[in-house]
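Worksheet: the structure to be examined is printed underneath.
The values are calculated or read from the model by the stated rules, or taken from the named source; none is laboratory data. These numbers were taken from a predicted model, which means no experiment stands behind them. Backbone-built Cβ (ideal geometry, glycine too); neighbour counts: all protein chains shown.
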Amino acid sequence: MARRFKSTDPTGKKSPWKRATPRPPAGRRTPASSALVKVELVPPDPDAAGWARRAYRLALALHDALGDEHIDESTRAAIERAFAAFELGYTDTQIARVAHLVESARDAIRETQRRELERAYRDCAGVLEQALYPVLRRHVAFDELVQLVRQLRMEASAQVAITEGVSDLLGWNETARLHASAAIRAALAAQRIADSDPED
C-alpha cells in the first residue's frame with residue numbers, strides 16, 4: 001500500500017501533488033544485503049554489448065549516490081524506479097504462469113458462443129480467480145477480474161491483451177503510475193528551487 005500525505009512548496013502553498021511512495025518489490029533478482037561485498041567497477045570493453053555499457057553507467061550512478069549523504073529527491077526517485085524495474089516483484093516462473101492464465105482466459109472468452117455474454121464474463125473471471133496465486137486473489141477484487149476479462153475479449157491483439165492483463169494483475173500499471181508521479185513531483189520541486197535561486 002502506498003503512503004500518501006499532503007505536501008507543500010517552499011512558499012507554504014499547498015501542492016496538488018500527493019506524495020505516493022510505491023512499496024519496493026521483494027528482492028528476488030538482486031543479492032541479499034547480507035551477501036554484499038565491496039566490489040570494484042570494471043569498465044566494459046569498448047565493443048561490449050549496449051546493455052553492458054548501460055549497466056556500467058547505471059552502476060556508476062548508483063555508486064555515486066551511495067557515497068552522497070544528501071542525494072536529491074530526483075535521484076532517490078530514479079533509484080526506486082531502477083530497483084522496481086530490475087526486480088519486478090515476481091520470478092520469471094510466476095510471471096509466466098500469470099501470462100498463461102491471462103492467455104487462456106482470453107482464448108476462452110473470445111471463443112464463447114454464449115448469448116448471455118455478461119454471465120460468461122463472470123464465469124471466466126471466476127475460473128481465473130481460482131487459478132491465481134493466493135496473494136493476487138487477496139488484492140484483486142472480483143469485479144476487477146470481470147472488467148479484465150471484458151477487456152481481453154475486446155482487444156484484438158493477443159500480445160497487447162496479455163501484456164495489459166498481466167500488468168494489471170501484478171500491479172505493474174499502478175506501480176508505474178506511482179513512480180511517474182514521484183518523478184514529476186521531484187522535477188517540479190527541482191524547478192521551484194532553481195527558480196527561487198537568486199544566482200540564476
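Just to be sure, is Glu155 outside the structural domain of Leu117 (by TED's automatic domain parsing) and within 30 Å of Glu118 (Cα to Cα)?
no
Can you find even one residue in the stretch 108-116 that is out of contact with any helix residue (DSSP H, G or I) (no Cβ under 8 Å at 6 or more places or on another chain) and at pLDDT 90 or above?
yes
I'm checking my understanding of the structure. Among residues of the stretch 134-156 that are of a type in the set (Val, Ile, Thr) and touching a residue at least 24 places away in the same chain (Cβ under 8 Å), which one is nearest to Leu170 (Cα to Cα)?
Val140
Please identify the pairs in which a residue from the stretch 181-200 that is over 15 Å from Ile71 (Cα atoms) and modelled with pLDDT of 85 or more has its Cβ atom under 8 Å from the Cβ atom of a residue that is buried (at least 16 other Cβ atoms within 10 Å of the Cβ) and of a type in the set (Phe, Trp, Tyr), counting only partners at least 6 apart or on another chain.
Ser181/Trp17; Ile184/Trp17; Arg185/Trp17; Leu188/Trp17
Check Lys38 against each of (1) within 23 Å of Ala182 (Cα to Cα); (2) not in a helix (DSSP H, G or I) and name the one condition it does not meet.
(1)
Based on this model, can you work out whether Ala99 counts as surrounded by 12 or more Cβ atoms within 10 Å (Cβ to Cβ) and within 28 Å of Gly27 (Cα to Cα)?
Judged against the criteria, Ala99 is a match.
Being basic (Lys, Arg) and part of a helix (DSSP H, G or I) is the filter; apply it to the stretch 113-137 and report the residue that is surrounded by the fewest Cβ atoms within 10 Å (Cβ to Cβ).
Arg119
Give the stretch 29-49 a look and list any residue that's surrounded by fewer than 12 Cβ atoms within 10 Å (Cβ to Cβ) and either modelled with pLDDT of 95 or more or among the hydrophobic types (A, V, I, L, M, F, W, C) (or both), or say none.
Hits for the stretch 29-49 are Ala32, Ala35, Leu36, Val37, Val39, Leu41, Val42, Ala49.
Yes or no: Leu60 free of Cβ contacts under 8 Å to residues at least 40 places away in the same chain, more than 30 Å from Ile184 (Cβ to Cβ) and surrounded by 12 or more Cβ atoms within 10 Å (Cβ to Cβ)?
When the stated conditions are applied, Leu60 does not pass them.
If you check Ala26 against the conditions, is it at negative phi and at pLDDT below 80?
yes
Does Arg177 satisfy the criteria of being of a type in the set (Lys, Arg), closer than 28 Å to Ala77 by Cβ, assigned to a helix (DSSP H, G or I) and modelled with pLDDT under 95?
The answer is yes for Arg177.
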